[in-house]
Amino acid sequence: MNLWKVVGSVFGAALILAIGLLIGHFGISKTPSWAKDLSKDVDEAFIRDFMKEVDNNRIRENLRELSKSPHLATTRGDEETVKLILNRWKDPKFGLDEAKEERYNVYLSFPRSETPNNVRVLAPDNSLKLESRLTEESLTSDQADSEVVKPYAAYSPSGNPKGKLVYANQGKLSDFETLNKIIDLRGTIAIVRYGGAGRSAKAINAAKFGVIGVIVYTDPKDINDGKADASQTYPNSWYMPPSGVERGGYVEDFGDLLTPYYPAKEFTYRKKESDIGGLPPIPTQPIGFEDAEKLICQLGGAEADSTWQGSLSCKYNIGPGFRQGDFSGSDVQVNVYNYAEVRPSANVMGMIRGSVEPDRYIMYGNHRDSWVHGAIDPSSGTAVMLEITRVLGKKVKEGKWRPRRTIIFGSWGAEEFGLIGSTEFSEDYYNKLRDRTAAYINVDISVFANATLRAQGTPPVQNVIFTAAKQVGTPVSSSLSVYDNWIRYFNRSSSLYGGVIPQLGTLGAGSDYAPFIHYLGITSMDLAYTYDRSKTSARIYPAYHTAFDTFDYTDKHIDPGFTSHQTVARTAGNVLVRLADSLILPLGPRDYLETLENYYNTAEREFSGQLSAKNISLVPLKNAVARYKTFSEELHKTISELKDAKETPLRVRMINDQLMLLERAFINHFAFPDKLYYSHVIWASRSSSVATFPGIADAYAKAVSSGLEDDWAQVHHHITVAATAVDNAASTLQTAASI
């Protein structure tokens, strides 16, 4: 073969190979499509499109359907709402990927319809002088529904105690202590106002002083801005009518009372009913303020202190018994005919599967059951949730969207009896939820009124709520953002943000976020629209837990046009999509720093003198907070730099896991053995008035009161608990920042 031909062939082949390599290098992307999907961030255009599609009229129709009948937990009306939500979430055009019901057999309390609970005034000869209303006055057609449950205190024991009436203000322990210095309370019946103390606590406090029965009412001063005349109340305004009665669960703990820490299934061990704590030990019955007025305005005895006075048409005396008049010499009898039984209650669960991280969950929930029609509580939240799932479900069904992470929706059962459905779910799936859930969004009462957003949550959710609130227009003006409007009503100064920002409220145990934050340590929030506190001092919206909480009430007096519902749906949906779709979870661990520093500074200011005298040091806690500051700032810097770099999916996953697990670092299931489910070292319940680490605050108050060395040792113990938790949180962030 000719040498030049060989050389030419080799050169030609090399040239072709080089051209191919160049084409391959410049013509084909270095990053495969699957890698691009893994690194895709939240789509702002999709969020704008979502918010545009949220329809206030659909929310209005949702609420009309949800509240057309009473739906007390496990009743026929409740089962109808189970079917409604399941049908929506299984709809072939706008349903979710999966929807199902899960049932738990839970311990509930009901009144006997054949023998209604009541309060009576009985003359010395036992003749009837007065009987309280057996149910509210029928002011609109829906009040006539035969399924309206008559007023009662759930979990009150049955009984018929009779004695002289006394007025005990709000039923706080201090109220009974004050009264007991003036009156022998043994064998009396106490009438108390809602507010100041928990429902069950009023009866528990009363029994400690020998009181044998409790009557509870809502004073117009606390709910109606003092307005008590029928012409000033619903249906003429939003205020509670004179016959309105606030029902409620009279229970201190949450979850099924017979199966704490375990899901209430058929096979589950149940403790004895007699071993349940936190329930009223004496018969208790709520009444309307029109009946309360008849009782209080005839009381004898000394005049109550000015701070105890309400807005009924008389000066409040404390008793015991009635002054000269119609009721002179009469006793008051509390007649309660409640019964308790185990019933199956359903949670309805829906899911949209994640495309990239299907094993990471963003949860969104609200309870479904109500005391009567429950238009505001809870159906306003459910109406919003159904509209959010309709819009997102439609996008999924049309193939236009799928979230990065899995979204789980929960319609919880039996919340009104003590957060039962959500707590049983958290027990049933404890490990899976603890290990995989990044955040929980709660929207219970979505609209109390139509003035401003009210947001509560743990500090890491602050910035994602701010981001969403800045993108949503208010009902009054699309050019005024929810954020700018919110800051007018609730605000604080922040050194971290360098100015005034909206005030994020803290989470107690008032709704279904409680088991997720207090037991599982899942970053949580609760969103709602509420009223202008400069214009009303109402403790809550006035029709709360009454038979007047109806569609008509909502449509005419709470949110005409349903634009505030629409605003909440847009805001909550915006937050949901950001949490589900953002490459880096939009949670801010640095935002915890202000809480930790404020808590530490308060503890040092309030406690350091006495602690030094007992040779107890706060320095370990101070050092832990300093470490948290260092590593939270390092992680913040790392995340900021990540936004501008192409990072490996594994590194993103590592950082997201640290953000997700931060809240878990504050969980200590052994810190508060006397507080069922409360395990969060920062947000556990606190009886002390000092706003600092709850374990330290309560232990310190007890030690100062008793002076016992064992109690001072407990202060040291809780400083250790807090310092260790903060240190663990700092270490969690350090791991992420050092990847």
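The values are calculated or read from the model by the stated rules, or taken from the named source; none is laboratory data. Because the structure is predicted, anything quoted here is derived from the model rather than measured. Quick reminder, even Gly has a Cβ in these numbers, built from the backbone with ideal geometry, and neighbours come from all protein chains shown. To get the accessible areas, we keep the full protein, side chains included, count just its heavy atoms, and leave off ligands, DNA and RNA. Shrake-Rupley method; radii C 1.70, N 1.55, O 1.52, S 1.80 Å.
Annotations
- Only one of Asn224, Asn180, Asn236 that is more than 27 Å from Thr423 (Cα to Cα), in contact (Cβ under 8 Å) with a residue 24 or more places away in the chain and surrounded by fewer than 24 Cβ atoms within 10 Å (Cβ to Cβ): Asn180
- Among the conditions (1) under 19 Å from Lys675 (Cα atoms); (2) touching a residue at least 40 places away in the same chain (Cβ under 8 Å); (3) surrounded by fewer than 18 Cβ atoms within 10 Å (Cβ to Cβ); (4) polar (S, T, N, Q), the only one that Ser731 does not satisfy is (1).
- The residue pairs whose first member lies in the stretch 610-621 and is under 12 Å from Ala713 (Cα atoms) and touching a residue at least 40 places away in the same chain (Cβ under 8 Å), whose second member is surrounded by 15 or more Cβ atoms within 10 Å (Cβ to Cβ) and of a type in the set (Phe, Trp, Tyr), and whose beta carbons are closer than 6 Å, counting only pairs six or more residues apart or on different chains, are Lys614/Trp712.
- Looking only at the stretch 145-158, and only at residues there that are open to solvent by 60 Å² or more (accessible area, probe 1.4 Å) and of a type outside the set (Gly, Ala, Ser), the one that is farthest from Asp555 (Cα to Cα): Lys150
- When Asp78, Asp55, Asp142 are screened for being open to solvent by less than 70 Å² (accessible area, probe 1.4 Å) and closer than 19 Å to Ala543 by Cα, only Asp142 passes.
- Test: Tyr677 is closer than 21 Å to Tyr430 by Cα, buried (at least 22 other Cβ atoms within 10 Å of the Cβ) and not acidic (Asp, Glu): yes
- The listed residues are Thr550, Thr567, and the only one of them that is surrounded by 19 or more Cβ atoms within 10 Å (Cβ to Cβ) and either under 18 Å from Ala725 (Cα atoms) or touching a Phe, Trp or Tyr at 6+ places or on another chain (Cβ under 8 Å) (or both) turns out to be Thr567.
- The selection criterion, being of a type outside the set (Phe, Trp, Tyr) and in contact (Cβ under 8 Å) with a residue 24 or more places away in the chain, does not hold for Glu641.
- Selected residue (only one of Arg402, Arg454 is open to solvent by 20 Å² or more (accessible area, probe 1.4 Å), part of a strand (DSSP E or B) and touching a helix residue (DSSP H, G or I) at 6+ places or on another chain (Cβ under 9 Å)): Arg454
- Residues (surrounded by 24 or more Cβ atoms within 10 Å (Cβ to Cβ) and among the hydroxyl-bearing types (Ser, Thr, Tyr)) located in the stretch 553-564: Tyr553, Thr554, Ser564
- Checked against (1) touching a residue at least 24 places away in the same chain (Cβ under 8 Å); (2) open to solvent by less than 70 Å² (accessible area, probe 1.4 Å), Ser127 passes all but a single condition, namely (1).
- Only residues that are free of Cβ contacts under 8 Å to residues at least 24 places away in the same chain and either closer than 11 Å to Pro320 by Cβ or crowded, with 24+ Cβ neighbours inside 10 Å (or both) were counted across the stretch 159-177, and they come to 0.
- Condition check for Asp512: within 19 Å of the chain's Cα centre (by Cα), buried (at least 24 other Cβ atoms within 10 Å of the Cβ) and among the charged types (D, E, K, R): yes
- Residue within the stretch 533-542 that is touching a helix residue (DSSP H, G or I) at 6+ places or on another chain (Cβ under 6 Å), in a loop (DSSP other than H, G, I, E, B) and open to solvent by less than 10 Å² (accessible area, probe 1.4 Å) present: yes
- On the stretch given as the stretch 95-115, residues that are surrounded by fewer than 18 Cβ atoms within 10 Å (Cβ to Cβ) and part of a loop (DSSP other than H, G, I, E, B) total 5.
- Selection within the stretch 315-345 - among the hydrophobic types (A, V, I, L, M, F, W, C), part of a strand (DSSP E or B) and buried (at least 22 other Cβ atoms within 10 Å of the Cβ): Phe322, Val332, Val334, Val336
- Selection within the stretch 278-297 - more than 31 Å from the chain's Cα centre (by Cα) and not in a helix (DSSP H, G or I): Cys297
- Subset of the stretch 246-286 that is open to solvent by 10 Å² or more (accessible area, probe 1.4 Å) and β-branched (Val, Ile, Thr) - its residue that is nearest to Ala547 (Cα to Cα): Val251
- Among the residues of the stretch 438-454, the one identified as of a type in the set (Val, Ile, Thr), under 26 Å from Leu661 (Cβ atoms) and touching a Phe, Trp or Tyr at 6+ places or on another chain (Cβ under 7 Å) is Ile441.
- From the list Ala730, Ala691, the lone residue that is in contact with a Lys or Arg (Cβ under 6 Å, 6 or more places away or on another chain), among the small types (Gly, Ala, Ser) and either assigned to a loop (DSSP other than H, G, I, E, B) or at negative phi (or both) is Ala730.
- Members of the stretch 574-599 found to be among the hydroxyl-bearing types (Ser, Thr, Tyr), farther than 27 Å from Lys52 by Cα and open to solvent by less than 20 Å² (accessible area, probe 1.4 Å), listed by number: Tyr592
- Pairing each residue of the stretch 428-456 that is on the phi > 0 side of the Ramachandran plot and of a type in the set (Val, Ile, Thr) with any residue that is open to solvent by 10 Å² or more (accessible area, probe 1.4 Å) and modelled with pLDDT under 95, provided the two are 6+ apart or on different chains, yields no C-beta distance under 9 Å.
- Listed conditions (1) without any contact (Cβ under 8 Å) to a residue 60 or more places away in the chain; (2) of a type outside the set (Asp, Glu); (3) more than 15 Å from Arg570 (Cα to Cα); (4) touching a Pro at 6+ places or on another chain (Cβ under 9 Å) are all met by Lys400, apart from (4).
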